[in-house]
Amino acid sequence: MAHKPANVTGEANLGRGNISIERVSKIYEPFGARVSAVDNCSLSIDAGQFVAIVGPSGCGKTTLLNAIAGFDTITSGAILLDGEVISAQRKQIRPGPDRVVVFQNGALFPWKTMMANIVYGPIKQKKMARREAEKIAIALLKKVGLEGIQDKYPGEVSSGMQRRVEILRALINQPTVMLLDEPFRALDAVAKSVMHRFLLDLFDDSPRTTIFITHDLEEAIFLADKVIVMTTRPARVKVVHEIELPRPRTRAIIGSEHFMRTKRSLLDVVHEEALKAFQSGEREMA
């Protein structure tokens, strides 16, 4: 039976995507040195919730994301997805299409067209026939204003367009959880604003559990339902702040009193951890 585009962006996963991180710790031992990246970290994320994680460079945010994705192991504790353990000291579920990552540096195949990039996952996994996948891809490209670029290669379009295609490539796999690791970090302010609108439109159309890592506090507040501020390494949860801003959101909301008050309440917390990281000489690390 043919899939409808609406199902691709979220209906199939309603009620799924509860994540529970329970007393998770991660210790690396590069060259014999013992480095604690994450320490006794606990938090919960509801199904369909957009959560932004903020913290200093090298604090362990990406380590946590990689553990959820299945790219990395944890030393102790457990991570559960809808009640099933996906990561623990003696158990690690391999990466799968239920948890899709959009990376900071981009991951499109440069030798494949935009169309080929988008449909690669469902065809490779034999979830869709090529004709079905391409029909859905065309609908998604049109939905986000990218119709007509399906035959172009990544090097022929802007970085902002590449980012959008990467997110569509993730969505067509119907993931339960979207994991975004600073996906807009390299974009200029205008391109980033366009990407925010694009991501919010997709999320509003079909909410799914989304974990978004960023250094940008304003970006975190604007996009998320909940902002989690992490300590400097080893990463622990310092503050969990529920964002009480209505959806759908527009850029105008950034100037609202409620937005500014929320930003002020979190700014000191973020700066405190950034100062600690600077004073201890932390460097960028997974």
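Observations on the structure shown:
- The residue that is surrounded by the most Cβ atoms within 10 Å (Cβ to Cβ), counting only those in region 78-96 that are touching a Ser or Thr at 6+ places or on another chain (Cβ under 6 Å) and not in a loop (DSSP other than H, G, I, E, B), is Ile79.
- Neighbours by Cβ (under 9 Å, 6+ apart or cross-chain): first from region 62-79, closer than 18 Å to Thr231 by Cβ; second in a helix (DSSP H, G or I) and of a type outside the set (A, V, I, L, M, F, W, C): Ile74/Thr63
- When region 264-286 is limited to residues that are under 21 Å from the mean Cα position of the chain (by Cα) and part of a helix (DSSP H, G or I), the one that is modelled with the lowest pLDDT turns out to be Val270.
- Evaluating Arg99 against the criteria (1) of a type in the set (D, E, K, R); (2) at pLDDT 95 or above; (3) surrounded by 16 or more Cβ atoms within 10 Å (Cβ to Cβ) leaves one unmet condition, (2).
- Filtered by the rule that a residue be among the β-branched types (Val, Ile, Thr), outside any helix (DSSP H, G or I) and over 20 Å from Gly160 (Cβ atoms), region 184-240 gives Thr209, Ile211, Val227, Ile228, Val229, Thr231, Thr232, Val237, Val239, Val240.
- In region 134-154, the residues that are surrounded by fewer than 17 Cβ atoms within 10 Å (Cβ to Cβ) form no Cβ pair under 7 Å with any partner that is charged (D, E, K, R), whether six or more places apart or across chains.
- Among residues of region 228-246 that are over 17 Å from Thr63 (Cα atoms), those with a beta-carbon under 7 Å from a residue that is small (Gly, Ala, Ser) and buried (at least 19 other Cβ atoms within 10 Å of the Cβ) at least six positions away or on a different chain give the pairs Ile243/Ala224.
- Note on region 4-76: enclosed strands (runs of 3 or more DSSP E) holding 2 or more residues that are in contact with a Gly (Cβ under 6 Å, 6 or more places away or on another chain) and modelled with pLDDT under 95 are 35-45.
The values are calculated or read from the model by the stated rules, or taken from the named source; none is laboratory data. What you are looking at is a predicted structure, and each value in this text was computed from that prediction instead of being measured. Note: ideal-geometry Cβ built from the backbone for every residue, glycine included; neighbour counts use all protein chains shown.
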